[in-house]
Amino acid sequence: MAAYILRRLIQAVLILIGVSFVTFVLLYLVPADPARQIAGRSATAETVANIRAQLGLDQPFYVQYWRYFTGMIQGDLGRSYLQKTEVAELIAARLPATLQLMGGAIVWELLLGLTTGIVAALKRGTWVDNTLMVASFIGVSAPQFVVGILLLYVFAVLLGWFPIGGYGTFAHLILPSFTLGILGAGWYSRMMRSSMLDVLRQDYIRTARAKGLDRVRIVLRHALPNAVLPVIAMIGIDVGLFMSGIVVVESVFGWPGIGQLAWQAIQRVDIPIIMGVTLVSAVAIVLGNLLADLIAPFIDPRIKLR
Amino acid sequence: MRPHPDAPEPPSADRPVLEVRGLRTQVATPTGPKVVVDGLDLTLAPGEVLCIAGESGSGKSMAALSIMGLLPRPMARIAAGSIRLNGRELTGLGEARMRAVRGAEISMIFQEPMTSLNPVLTIGRQVGEAIEAHRSVGRADLTRLTVAALEAVRIPEAARRLKQYPHELSGGMRQRVMIAMAMACGPKVLIADEPTTALDVTIQAQILELMRDLRRDHGTAVILITHDMGVVAEMADRVVIMNQGRLVEDGPVLDVFERPRAAYTRTLLAAVPRLGAYADIDGPVRSAGRSGAAPAPDPARRPRPVAEVRDLTVRFDLTGGLLQRVVRRVHAVEGVSFDLFPGETLALVGESGCGKSTTGKALMNLIPWTGAITIDGTATHGLGRRAMRPVRRHIQMVFQDPFASLDPRMTVGDLVAEPMRIHGLARGRELDDRVAELFRRVRLEPDVRDRYPHEFSGGQRQRICIARALGLSPRLIVADESVSALDVSVQAQVLDLMQELQAEMGLSYLFISHDMAVVEQVSHRVAVMYMGRIVEIGRRRDVFGDPRHPYTRKLLTAVPRPDPRDRRDHFRRLEGEIPSPVQALDYRPPPQRFDEVRPGHIVDLSGAPEQAGG
């Protein structure tokens, strides 16, 4: 187990180096000129060239990347071009808010996704099943900015149950986390339904019935642990999906997380911040997957981590 | 005065414990309801073993599921009839009432012990909840009862097994756990649906003996559902033969075997291969009884073998640790050597994990191996995909599962044509003609070429697989359990076809099988494999008539004979599991010492592992 985790972490470091390289190349090839952005429209060519030299942007690609790489492995993600602050500090300040949002979203996903999936499987072919599957389809396909604005209008503006935006209390968390989670919930619901239907066909479910067990016990104890496995693996991948979701959701709800930070940085070609956020996302995806893989053997003893 | 109809009547010695009258079970299909059990009458006396025998589709499993109230819902339902357990009517009983009956008064075990236990729950939990479902017991009592239930089915170290998961147990042990679960509440009736079909013969003998003991010790009546007439003869007091949902014959076991009344029973019994039936005949015998099986090639003339295998070794690495280094190895095949001559059938027999299928795959060059294999004069070691292609023309394979080995999206005509197309042997009209000819060869109408695999029965599909293999005019066919999934009557037809093709085309077969009776019928020579090695090889008549290796003897005694008079009153103790071929890295297999008992009959003397002693 320890050897497994260690090996996975070493793999993670290699992945992160790869991600940093690819992102750096992409940003290098982007036609936008950060020096021009900083200097402003009216600046002379000389000023722009000066800024470029200051930032080291006149250096050849491999020199720039090497400088970034050596900084990165020491935990130095560089300075924001515009805010003149350490990128690591900027991210660290906003990370808790984003993690809170993601945590809330995962709770919604599991709560809604798993229960509707199980119920739909047990009521297969009935109106309950059909209704839930239509709902999950809407969940999967509705754009998050539409869902977010709709929820804000109904529950915050019209009904006044929740604050309109911002961050701080538990009430602030409900709507944005729901908006972020609804997409995943739709996916989980569909996955859980088909996984559950598959498990309910298995021989060991027939065995459980032959023993004279009641339905609740068969579903919760015999079917659920087997059916939930593919969903667990999905959570790891999900963390990656969240990263694109938070950019939208944080903007709609004015949530002060790294999604907003990324959005501002993209508009202003603030390359160090874009790099930093990309790396943090990559770390989150890698850790999410590792976590999902570590949970699996506790549910299915046949899975051995080697 | 009549007691309340719901109350179980007191059992008595002569009253049947289970009575089924006019049972009719229907399954909904897209084309309307299909009757799968049609007017079945059964009577089961206390302590009796009733065997329900029949081929696939006979409705025997559906009958059992009807009795248990476990029919797959909502597709299947009981349309008519009565099922009385101890005088109490079960049809129409609500689900909650039926739940109290299941597991407590009537239990069931299934064919696949591998899939019938929940993989994520411990053995202790699964057995324990069968008890909890019907009795309220404290935690300590529950553990005690669970251990007792496991001990009753002779599971060694029962207390330690409670914490184990199904995948940590062998197939035989899992079936014991299933039986422990079924018997935990002392039911009056145990229904066993093909309980030993998925198990090796020596393990099958252990499970059958266990079921007999349980019947004797607890007086449980048993309904044993099987397709294997050997198991029927070995176990039954009375036999019911079913065909296409109907009961065709019902009687005491001796009567059914010796004076079958129904024509169907006679055909069924005639198709059953009987071990020892050909003890005084050399070489293969056509099941249809016709002469014309290929004569054994004359060893004196020594033609060049089609396949020469020398010191074949296949090991699979198991990795672990931080750097994924090899930590242990599976010694799947260890130093196997044999020759296969033109027109000859060499059978590879042995139990699961003995390396027989791996040997077949190595011959096809489908896995990495060491040693030397020569196919029709070409050494195949290290040949790449391209270099192997001309060799593959000479060696083809037919697999066990005719359902899985045909691509469902291709027409059978395309499937048969594909190898010829790949090898560029024919195209256009010529290819068409060849495909038609191949269909005729395997006795299928060429007009069926445009249909898809799902429109054919298992036997027909296996013929299509054979036609596909024949397309390249191979000299050798590796038949890996090719008839094991088929019903006996269909099996006989396919075996017949294989022998006919051998006589006509001089084909050689490497016939991989666990079924000793089939092997006896089809092979010229037999090689017995145990733990990755050949422990005995020789002419079929010599190996079966005068087995010298203890493992060969054990295998032969474990096969149930389809003759109720030849019943072993109690099986010779065949304890022990099939050992694992997983070994430490520094494991060096002990050298084999061979003795040639008679020309061509070679036996390993190097001391069989103690488990094989019998």
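The values are calculated or read from the model by the stated rules, or taken from the named source; none is laboratory data. The model shown is predicted, which means the values in this text are computed figures rather than measured ones. As a convention, Cβ positions derive from the backbone with ideal geometry for all residues, glycine included, and neighbour counts pool all protein chains shown. Just the protein is used for accessible areas: all its heavy atoms, side chains included, with ligands, DNA and RNA removed. Shrake-Rupley method; radii C 1.70, N 1.55, O 1.52, S 1.80 Å.
How about the range B:335-350: which of its residues are open to solvent by less than 20 Å² (accessible area, probe 1.4 Å) and within 14 Å of B:E536 (Cα to Cα)?
Pass one, the range B:335-350, residues open to solvent by less than 20 Å² (accessible area, probe 1.4 Å): B:336, B:338, B:340, B:343-350.
Result: B:V336, B:F338, B:L346, B:A347, B:L348, B:V349, B:G350.
Within the range B:44-56, count every residue that is among the small types (G, A, S) and surrounded by fewer than 24 Cβ atoms within 10 Å (Cβ to Cβ).
Initial filter on the range B:44-56 (among the small types (G, A, S)): B:45, B:47, B:53-54, B:56.
So of that shortlist, the ones also surrounded by fewer than 24 Cβ atoms within 10 Å (Cβ to Cβ) come out as B:45, B:47, B:56.
Residues flagged as among the small types (G, A, S) and surrounded by fewer than 24 Cβ atoms within 10 Å (Cβ to Cβ) within the range B:44-56 amount to 3.
Within the range B:48-68, take every residue that is modelled with pLDDT of 90 or more and not in a helix (DSSP H, G or I) and give me the one that is nearest to B:G22 (Cα to Cα).
B:I52
Going through the range B:17-43 one residue at a time, which ones are out of contact with any Pro (no Cβ under 6 Å at 6 or more places or on another chain) and crowded, with 19+ Cβ neighbours inside 10 Å? Steps first, answer last, please.
Residues of the range B:17-43 out of contact with any Pro (no Cβ under 6 Å at 6 or more places or on another chain): B:18-25, B:27-42.
Of everything in the range B:17-43, those that are out of contact with any Pro (no Cβ under 6 Å at 6 or more places or on another chain) and crowded, with 19+ Cβ neighbours inside 10 Å turn out to be B:L18, B:V20, B:L23, B:T25, B:V36, B:V37, B:D38, B:L40, B:L42.
Only one residue in A:R67, A:R41, A:R36, A:R52 is open to solvent by 50 Å² or more (accessible area, probe 1.4 Å) and not in a helix (DSSP H, G or I). Which one?
A:R41 is the lone residue from the list that is open to solvent by 50 Å² or more (accessible area, probe 1.4 Å) and not in a helix (DSSP H, G or I).
Quick check, is A:I258 open to solvent by less than 20 Å² (accessible area, probe 1.4 Å) and either in contact (Cβ under 8 Å) with a residue 24 or more places away in the chain or at positive phi (or both)?
Values: open to solvent by less than 20 Å² (accessible area, probe 1.4 Å): yes; either in contact (Cβ under 8 Å) with a residue 24 or more places away in the chain or at positive phi (or both): yes.
Yes.
Given the structure, is B:R409 away from chain A (no Cβ under 14 Å), open to solvent by 70 Å² or more (accessible area, probe 1.4 Å) and not in a helix (DSSP H, G or I)?
Numbers: away from chain A (no Cβ under 14 Å): yes; open to solvent by 70 Å² or more (accessible area, probe 1.4 Å): yes; not in a helix (DSSP H, G or I): yes.
So B:R409 passes the test.
Results for (1) crowded, with 22+ Cβ neighbours inside 10 Å; (2) not in a helix (DSSP H, G or I), shown as yes or no for each residue.
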{"position": "A:L82", "(1), (2)": "no, yes"}
{"position": "A:A88", "(1), (2)": "no, no"}
{"position": "A:A92", "(1), (2)": "no, no"}
{"position": "A:T98", "(1), (2)": "yes, no"}
{"position": "A:L101", "(1), (2)": "yes, no"}
{"position": "A:A105", "(1), (2)": "yes, no"}
{"position": "A:L110", "(1), (2)": "no, no"}
{"position": "A:T116", "(1), (2)": "yes, no"}
{"position": "A:A121", "(1), (2)": "yes, no"}
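Counting only residues that are among the β-branched types (V, I, T) and outside any helix (DSSP H, G or I), how many does the range B:490-537 have?
Looking only at that region, the number is 6.
Across the range B:129-142, which residue is nearest to the other protein chains (Cβ to nearest Cβ) among those that are out of contact with any Leu (no Cβ under 7 Å at 6 or more places or on another chain) and either without any contact (Cβ under 8 Å) to a residue 24 or more places away in the chain or surrounded by 15 or more Cβ atoms within 10 Å (Cβ to Cβ) (or both)?
So, considering only residues that are out of contact with any Leu (no Cβ under 7 Å at 6 or more places or on another chain) and either without any contact (Cβ under 8 Å) to a residue 24 or more places away in the chain or surrounded by 15 or more Cβ atoms within 10 Å (Cβ to Cβ) (or both), the one nearest to the other protein chains (Cβ to nearest Cβ) is B:A130.
Yes/no per residue for (1) closer than 30 Å to B:I109 by Cβ; (2) part of a helix (DSSP H, G or I); (3) within 14 Å of chain B (Cβ to nearest Cβ):
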position: A:Y153; (1), (2), (3): no, yes, no
position: A:W161; (1), (2), (3): no, no, no
position: A:L173; (1), (2), (3): no, yes, no
position: A:P176; (1), (2), (3): no, yes, no
position: A:G181; (1), (2), (3): no, yes, no
position: A:G186; (1), (2), (3): no, yes, no
position: A:V199; (1), (2), (3): yes, yes, yes
position: A:T207; (1), (2), (3): yes, yes, yes
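If you go through the range B:181-192 one residue at a time, do you hit one that is more than 24 Å from B:T122 (Cα to Cα), assigned to a helix (DSSP H, G or I) and either modelled with pLDDT of 90 or more or in contact with a helix residue (DSSP H, G or I) (Cβ under 6 Å, 6 or more places away or on another chain) (or both)?
no
I need a count of the residues in the range A:210-266 that are away from chain B (no Cβ under 14 Å) and not in a helix (DSSP H, G or I).
Of all residues in the range A:210-266, those away from chain B (no Cβ under 14 Å) come to A:231, A:233-266.
Adding the requirement that they be not in a helix (DSSP H, G or I) leaves A:254-257.
Result for the range A:210-266: 4.
Restricting to the range B:313-335, give me the number of residues that are farther than 16 Å from B:L585 by Cβ and either out of contact with any helix residue (DSSP H, G or I) (no Cβ under 6 Å at 6 or more places or on another chain) or within 14 Å of chain A (Cβ to nearest Cβ) (or both).
Within the range B:313-335, residues that are farther than 16 Å from B:L585 by Cβ and either out of contact with any helix residue (DSSP H, G or I) (no Cβ under 6 Å at 6 or more places or on another chain) or within 14 Å of chain A (Cβ to nearest Cβ) (or both) number 2.
Say whether the condition of being more than 13 Å from chain A (Cβ to nearest Cβ), out of contact with any His (no Cβ under 8 Å at 6 or more places or on another chain) and free of Cβ contacts under 8 Å to residues at least 24 places away in the same chain is met by at least one residue in the range B:92-102.
Yes.
Could you list, in sequence order, the residues of the range B:103-128 that are under 24 Å from B:L208 (Cβ atoms), surrounded by 21 or more Cβ atoms within 10 Å (Cβ to Cβ) and facing another protein chain (nearest Cβ under 7 Å)?
B:G103, B:S107, B:M108, B:F110, B:S116, B:L117
When the range B:57-75 is examined, which residues are found to be over 19 Å from B:I109 (Cβ atoms) and either surrounded by fewer than 17 Cβ atoms within 10 Å (Cβ to Cβ) or within 13 Å of chain A (Cβ to nearest Cβ) (or both)?
Residues satisfying the conditions are B:G57, B:R73, B:P74, B:M75.
Within the group B:D432, B:D401, which residue is assigned to a loop (DSSP other than H, G, I, E, B), among the acidic types (D, E) and open to solvent by 50 Å² or more (accessible area, probe 1.4 Å)?
B:D401
Being more than 7 Å from chain A (Cβ to nearest Cβ), part of a helix (DSSP H, G or I), open to solvent by 40 Å² or more (accessible area, probe 1.4 Å) and free of Cβ contacts under 8 Å to residues at least 60 places away in the same chain is the requirement here; does B:A159 meet it?
Yes.
Going by the conditions given, is A:I285 assigned to a helix (DSSP H, G or I), within 30 Å of A:Q37 (Cα to Cα) and more than 14 Å from chain B (Cβ to nearest Cβ)? Break it down stepwise before answering.
On the way: assigned to a helix (DSSP H, G or I): yes; within 30 Å of A:Q37 (Cα to Cα): no; more than 14 Å from chain B (Cβ to nearest Cβ): yes.
Judged against the criteria, A:I285 is not a match.
Here are B:S482, B:S473: which of them is open to solvent by 10 Å² or more (accessible area, probe 1.4 Å) and among the polar types (S, T, N, Q)?
B:S473 is the lone residue from the list that is open to solvent by 10 Å² or more (accessible area, probe 1.4 Å) and among the polar types (S, T, N, Q).
Which of (1) at pLDDT 90 or above; (2) not in a helix (DSSP H, G or I) does B:A233 not meet, given it meets every other one?
Among (1) at pLDDT 90 or above; (2) not in a helix (DSSP H, G or I), B:A233 violates only (2).
Determine, yes or no, whether B:P72 is in contact with a Pro (Cβ under 9 Å, 6 or more places away or on another chain), over 22 Å from B:I241 (Cβ atoms) and part of a loop (DSSP other than H, G, I, E, B).
When the stated conditions are applied, B:P72 does not pass them.
If you check A:A121, A:A142, which single one turns out to be under 20 Å from the mean Cα position of the chain (by Cα) and small (G, A, S)?
Working: A:A121 fails: under 20 Å from the mean Cα position of the chain (by Cα).
Matching residue, one of A:A121, A:A142: A:A142.
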